[in-house]
1. Is it true that some residue in the range 127-141 is in a strand (DSSP E or B), surrounded by 15 or more Cβ atoms within 10 Å (Cβ to Cβ) and more than 15 Å from the chain's Cα centre (by Cα)?
2. Would you check which residues across the range 22-65 are surrounded by fewer than 18 Cβ atoms within 10 Å (Cβ to Cβ), of a type in the set (A, V, I, L, M) and within 46 Å of the chain's Cα centre (by Cα) and list them?
3. Kindly provide the set of residues from the range 70-88 that are within 20 Å of residue 13 (Cβ to Cβ) and among the β-branched types (Val, Ile, Thr), ordered by number.
4. Residues that are farther than 30 Å from residue 278 by Cα and in contact (Cβ under 8 Å) with a residue 40 or more places away in the chain: list the helices (runs of 4 or more DSSP H) wholly contained in the range 9-87 that include at least 2 such residues.
5. Mind telling me which of the residues 33, 47, 73 ends up being at pLDDT 95 or above and either touching a helix residue (DSSP H, G or I) at 6+ places or on another chain (Cβ under 7 Å) or among the charged types (D, E, K, R) (or both)?
6. Looking at 214, 285, can you tell me which residue is in contact (Cβ under 8 Å) with a residue 40 or more places away in the chain, more than 16 Å from residue 165 (Cβ to Cβ) and either assigned by TED's automatic domain parsing to the domain that holds residue 146 or of a type in the set (A, V, I, L, M) (or both)?
7. Looking only at the range 195-206, how many residues end up being surrounded by 17 or more Cβ atoms within 10 Å (Cβ to Cβ) and either modelled with pLDDT of 75 or more or of a type in the set (S, T, N, Q) (or both)?
Amino acid sequence: MLESHGLRVFIEVARLGSFTAAGQSLDYTQSAVSRQISALEDEVGVVLFDRLARGVRLTEPGRYLLAHAEAVVDRLDVARRELADLQDLAAGRVRVGAFSTAHSSLVPKTISAFRTLHPKIAVSLRDGMTPRLLSLLAAEELDIAVVSTTADYSLDGVELAKLFDDAMFVGVPTAHRLAGRDRVRLAELAEDVWIAGSSRPEDTLISSCLRNGFRPRIGFVVREWIAKQGFVAAGLGVTLIPSLAAHAVRPDIALVSLHADDIPVREVYAATARGLSLSAATTAFLDVLLRQVGR
C-alpha cells in the first residue's frame with residue numbers, strides 16, 4: 001500500500017533530481033531519502049530512478065508513477081485542509097430539527113446567533129413532532145433535535161441535554177367564561193371543544209392528562225400552532241399553548257394557567273444520537289442553543 005509520506009519523498013526527489021537536495025528540502029539525511037525510495041521501489045516492483053554520477057533521473061515507470069503520486073498527494077492535501085476547516089468551523093453543516101412551538105423564538109434566535117458566530121456553516125432545519133425527530137436522529141438525517149417529553153415514547157439511543165421546563169397554558173377566546181381567571185382545572189374545560197394537532201389525544205400535548213381521566217372533546221384537528229390560534233380567536237374552541245410560545249400569542253386570545261396537578265410541565269431537551277461523535281459544528285450549535293436558553 002503506497003503511503004503518502006513515501007510519495008512525498010518520491011515527488012521531491014523527482015523535482016530536484018537528487019537524493020541529497022531532496023533530503024535538504026525535507027530536512028532528512030541523504031541516506032533516509034535513499035531508504036524511502038528503495039522501499040517504494042520494492043513495493044511497486046520497478047526501478048523508479050536511474051542513479052547517475054550527478055544525481056538521479058526518473059525511469060519510464062517513474063514518470064508514470066509521478067503523475068499518479070502528485071494527484072494522490074494533492075487530494076490528500078485538499079482533504080487535510082477540508083478536515084482542518086471542519087474543526088475550525090470554517091466549513092461544514094449542522095442539521096437541526098425541532099417541534100413547531102420551538103420555532104416561535106428559541107430555534108430562530110439560536111440559528112441567528114450561530115450564523116453570526118460561524119457564518120460559513122450551513123444550517124438546515126426540519127420541523128416535526130418529537131417521535132418523528134427521534135426517528136430522523138436514529139436514521140442520521142439530523143445532527144441535533146429540540147424534543148419534548150409530552151408523550152410516552154422511547155428515548156433509548158439518544159443523548160439528552162436539558163434545556164428547560166415548559167409549563168402549559170390554555171388559550172381561550174377573550175370572551176370565554178374563564179378568560180379572566182389566573183388558573184383553571186381541566187375539569188372546568190370538560191365541556192369545551194378543543195383544537196388539537198391530532199384526533200387522538202395520545203398524540204397531542206394533552207396526552208399527559210389522560211392518565212388523570214381527562215379526555216378532551218376534540219372538535220378540530222389543526223397541526224400548525226399559529227393556525228390553532230386562529231380557530232381559538234374565532235371562538236371555535238380552546239387549545240393548549242406552551243409557555244415557550246406564550247410571548248407570540250395573538251392579542252385576541254387569553255392565556256390561563258393550568259393547575260400543575262392536571263398537566264405537568266413538559267421537559268424540553270436537545271437530543272443527539274447516542275454513540276456517534278458530534279461534529280465540531282454540532283457541538284458549537286449545542287453551545288449556542290444552551291446559551292440562548294440561559295438568556
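The values are calculated or read from the model by the stated rules, or taken from the named source; none is laboratory data. No experiment lies behind these values; they were computed from the predicted model shown. Please note: Cβ atoms are built from the backbone with ideal geometry, for glycine as well, and neighbour counts cover all protein chains shown.
1. no
2. Those that are surrounded by fewer than 18 Cβ atoms within 10 Å (Cβ to Cβ), of a type in the set (A, V, I, L, M) and within 46 Å of the chain's Cα centre (by Cα): 26, 39, 44.
3. First, the residues of the range 70-88 that are within 20 Å of residue 13 (Cβ to Cβ): 70-74, 76-77.
If the condition is that a residue be within 20 Å of residue 13 (Cβ to Cβ) and among the β-branched types (Val, Ile, Thr), then 72, 73 are the ones that fit.
4. Working: elements: 19-26, 30-44, 60-87.
In the range 9-87, 30-44, 60-87 are the helices (runs of 4 or more DSSP H) which contain 2 or more residues that are farther than 30 Å from residue 278 by Cα and in contact (Cβ under 8 Å) with a residue 40 or more places away in the chain.
5. Details: 33 fails: at pLDDT 95 or above; 73 fails: at pLDDT 95 or above.
Within the list 33, 47, 73, the selection yields 47.
6. Details: 214 fails: either assigned by TED's automatic domain parsing to the domain that holds residue 146 or of a type in the set (A, V, I, L, M) (or both).
The conditions single out 285.
7. Initially, the range 195-206 is screened for residues surrounded by 17 or more Cβ atoms within 10 Å (Cβ to Cβ), giving 195-197, 201, 204-206.
With either modelled with pLDDT of 75 or more or of a type in the set (S, T, N, Q) (or both) added as a condition, the list becomes 195-197, 204.
Count: 4.
So that you can scan it fast, the table gives a plain yes or no per residue for (1) closer than 30 Å to residue 143 by Cβ; (2) hydrophobic (A, V, I, L, M, F, W, C):
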residue: 51; (1), (2): no, no
residue: 72; (1), (2): no, yes
residue: 88; (1), (2): yes, no
residue: 101; (1), (2): yes, no
